[in-house]
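Readers should treat all values here as calculations from the given coordinates under stated rules, not as data from a laboratory. On a predicted model such as this, the values are computed, not experimentally measured, just so you know. Virtual Cβ from ideal backbone geometry, glycine too; neighbours counted across all protein chains shown.
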Amino acid sequence: MSLTPSNMLPLGTSAPHFNLQDTVSAKMLSLEALKSDKATVIMFICNHCPYVLHILHKLVDVAKIYQAKGVNFVAISANDVEHYPQDSPDKMKHHAKEFDFNFPYLYDETQAVAKAYQAACTPDFYLFDEALACVYRGRFDAATPGTDVAVTGEDLTHAIDSLLVHHSVNPDQHPSMGCNIKWKR
């Protein structure tokens, strides 16, 4: 594990398009099919990262709350499964069911989507407005494994709340910190 910060995609960047397989339904899903007319959260996660596992229960809860408000969530894993088989699509499907994911869990086999989003770590969060312009990128909250900081999701939820009431999202944003994406060699 190598502690890695987000690259912090420039605010205003248009969401890169994708068409990836959902590991639960086995359907190919595109950004166009998954986007919301209010807000869309794209998150890069994986099965084994302790930083993802630390926030996962709260993340699923936050997604449920905001899906009821019209916000769509999409999880993507881009890890090299040859060297990290615990992140393979069949294990992703099991992981999604085990943690009761209420959002698609897509597999980026070529890693092209992760590169297009400039994703660097897991977890890595991106919030896009109704026009698919990036208004937030960075961390879920300040909690990390081994600290006493409570997992709240406050950084991401404050950004979503601002967007939903048509206020500007605070541009003072903190990078996520987590395991580096396992790039193919």
Inset, instruction - Obtain the nm distance between the two label points defined at H83 and M8 by a simple spin-label model: each point lies 7 Å from its Cα along the Cα-to-C-beta direction. - result: 2.7
Legend entry - Tensor-based shape of the chain (alpha-carbon gyration tensor, a/c under 1.5 rounded, otherwise prolate or oblate): rounded
Inset, instruction - Quick one: go through region 33-64 and flag any residue whose amide nitrogen is under 18 Å from the point 7 Å out along the Cα-to-Cβ line of F99. - result: 41-64
Inset, instruction - Quickly work out the H166-to-W183 label distance, labels modelled 7 Å from Cα along the C-beta direction, and quote it in nm with one decimal. - result: 4.2
Legend entry - Per-residue ³J(HN,Hα) for region 160-170, Karplus 6.51 cos²θ - 1.76 cosθ + 1.60, θ = phi - 60°, Hz, x for Gly and Pro: 5, 4, 4, 4, 5, 9, 6, 9, 5, 7, 4
Legend entry - Long-range amide H partners of F73 with built H, under 5 Å: V41
Inset, instruction - Compute the Cα gyration tensor for region 118-185, then decide on rounded, prolate or oblate, letting a ≥ b ≥ c be the square roots of its eigenvalues: rounded whenever a/c is under 1.5, prolate when a/b is larger than b/c in the other cases, and oblate in all that remain. - result: oblate
Inset, instruction - Could you line up F128, F99 from fewest to most neighbouring Cβ atoms inside 10 Å? - result: F99, F128
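Going through the cross-link list K69/K182; K91/K115; K38/K64; K64/K182; K38/K58, which pairs have a Cα-Cα distance over 26 Å in this structure? Don't skip to the end; give the middle numbers.
Numbers: K69/K182 34 Å; K91/K115 23 Å; K38/K64 15 Å; K64/K182 28 Å; K38/K58 22 Å.
Table pairs above 26 Å Cα-Cα are K69/K182; K64/K182.
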Inset, instruction - Compute the Cα gyration tensor for region 1-92, then decide on rounded, prolate or oblate, letting a ≥ b ≥ c be the square roots of its eigenvalues: rounded whenever a/c is under 1.5, prolate when a/b is larger than b/c in the other cases, and oblate in all that remain. - result: rounded
Legend entry - Along each principal axis, Cα extent of region 74-164, largest first, Å: 39, 36, 24
Legend entry - Under the Karplus curve 6.51 cos²θ - 1.76 cosθ + 1.60, θ = phi - 60°, whole-Hz ³J(HN,Hα) for region 88-93, x wherever Gly or Pro sits: 5, x, 5, 6, 4, 4
